[in-house]
Each structure stands twice: as C-alpha cells, then as structure tokens.
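Input: a single structure, listed below in structure tokens.
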Amino acid sequence: MGNAARKATREKIRIQREQERRREQRRRQVMITVSVIGVVALIVGIVAIWQSTRNRSEVYAGELAPITRTAAGDVVMAKPGVEKPVLDIYEDFQCPWCKVFEENSGDTVKRLAAEGKVKVVYHPITVFPVEPMKGNSLRAATALRCVPGGKPWMAFHDRIFREQPEEGTTGFAIDDLVAWGKEAGVTDPGFEQCVRGQQGANEQLSYSAKARQDGKIEGTPTVRIDGRDVGNAMYVASDLEDAILDAQPK
C-alpha cells in the first residue's frame, strides 16, 4: 500500500472515530438530560404530593368533646379541665369563606378538641346587613339556638353549612331547618316549635352585635388562638393544627 493510500485510510479511520466520539457525546448528553428531567419530575411530584397531603381536608369520625352552650350564647367544645389554648371561631352561616373554613379545617378542630389539645368556642353570628343574606343567616343561627349542645348541635351546625345558599338567593327555609335538625339527631319535643317560631331571633341579633363589638370583629370567618388572629392559616388544616400545638401550655 502506497503512502497516499495509507494516508487516506488513516484519515477515514480518524473521521469514523470522530463521528463515533460525537455520537457518544450526544448519547451521554441525552442520558444526562433525561436523568435531570427525571430527577426534577420526581422532586416536583414529591412536592406536589406533600402539598396535596398538607392541604387535604381531614375526615374525623371519632367521638366529640362535650359541647355546651354558655349563658352568653357561645358554644364551647372541650374536654373537662381543658382551658388552654382557646380557639375562638366567629362565623356566619351565609358566609362562603366560613363554609370553606369548615370544609378544610372543621374536622381537624373536632379531633384536636377530642384529644384535649384545645378548647373551642364557636360564635355563630349574623353579620350580613342586607337581604336576603341577613334573613338566611338569622333563620339558620336562630334555629341552631334551639339546640342546647351535644352531638346534635354539631351535626346540625355542619348540615347548615353544607346547605348554604348562594349569595343573593333565599335559602334556609324553615321546613328545611326543621328537617335537618331532626336528621341531625335533635329529639327535643320543643325543637320544631322553637324553629318555626324563630323564638331566639332577637337574642341572636343582640348576641351578634355584642360579639362583634367585644371581639372587634370586622368580618367572618375570624379565627383566633388565645386572642391572636391566625389569618389564612385557618384554611389549611395542618397549618392551623401547628398553630394550636405551638400554643400549648409549656
């Protein structure tokens, strides 16, 4: 083989090796890119699952702490002897964000009270000044005043929120309130008459005005731990639980 032929052969081999080297580089780059994308996707997935788990509403079906109405008209849910921390919940049955709070965090609040980790004080108030929202709110809150406490109070409370009418529409009809209360387990023979007569309407309005003034309530829902507003943490059950546990007596 002459020098020219050998030179041509070497050049051909060099070109082939260079092409193979480039193909190998591209293959490695693709593998690295795919690996990075996979890791990023895994991290994003883990974060999404964590966020989903963190924000997921709890479903609590266990026993409730005792529920009693105070002379002032508040409703307390707490195990005997539990005085701190105090979770005050100011809510209006016609308030859409109150419904969101109950859907997101209501069951977590029940569980923590049942575990003796918090004293819960419900303040069902009427804040809407115009109809039909004012009438809706007043009928519902007045009907709930016909239940002194216990599991039926909570079941009726939750049912009212589930049946909340859209703003601007008339809802919470008397017949419905009577039916929902009985389905919630209210057995007091005077319950239906109390609801139909809206016997506690004036007391509800007075209670609402006093609660708003004393608590300096500007809107609902307002949720406080030992007098401090928790802000948007109320809508994330895990955040609200952390705030309650952080307030535990040391």
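The values are calculated or read from the model by the stated rules, or taken from the named source; none is laboratory data. Predicted, not measured: the structure shown is a model, and the values here were computed from it. As a convention, Cβ positions derive from the backbone with ideal geometry for all residues, glycine included, and neighbour counts pool all protein chains shown. Note: areas computed on protein heavy atoms with side chains; ligands, DNA, RNA excluded. Shrake-Rupley method; radii C 1.70, N 1.55, O 1.52, S 1.80 Å.
Assorted remarks:
- Inter-label distance, ASP246 to ALA209: 3.8 nm, where each label sits 7 Å from its Cα along the C-beta direction.
- Loop GluC sites (Glu not before Pro), segment 97-203, which have at most 11 other Cβ atoms in a 10 Å radius of their Cβ (DSSP): GLU166
- Vicinal HN-Hα couplings computed from phi for segment 147-154 (Karplus, 6.51 cos²θ - 1.76 cosθ + 1.60; Hz; Gly/Pro x): 10, x, x, x, 4, x, 4, 5
- Nitroxide proxy distance, nm - points 7 Å out along Cα→Cβ at GLU83 and LYS182: 4.3 nm
- Computed extension gain for THR170 through ALA201, at 0.36 nm per residue and net of the alpha carbon distance, reaches 9.4 nm.
- 3J(HN,Hα) from dihedral phi, segment 120-137, Karplus parametrisation 6.51/-1.76/1.60, rounded to Hz, x for glycine, proline: 9, 10, 8, 10, x, 10, 10, 10, 6, x, 10, 8, x, 4, 4, x, 4, 4
- Out-of-range pairs (alpha-carbon distance over 22 Å; input LYS84/LYS134; LYS182/LYS210; LYS134/LYS216; LYS110/LYS134; LYS110/LYS216; LYS110/LYS210): LYS84/LYS134; LYS182/LYS210; LYS110/LYS134; LYS110/LYS216; LYS110/LYS210
- Close amide H partners of GLY116, meaning residues 5 or more places away or on another chain with modelled amide H under 5 Å apart, are LYS79.
- You can think of it this way: the chain between THR70 and ASN232 has 55.5 nm of extra reach, that is 0.36 nm per residue less the Cα-Cα gap.
- Rounded to whole Å, sorted largest first: equivalent-ellipsoid semi-axes of segment 85-200, Cα gyration tensor: 23, 18, 12
- Rounded to the nearest angstrom and listed largest first, the equivalent-ellipsoid semi-axes of segment 142-250 from its Cα gyration tensor are 29, 17, 15.
- Surface analysis of segment 114-250 yields an accessible area of 48 Å² per residue, using protein heavy atoms and a 1.4 Å probe.
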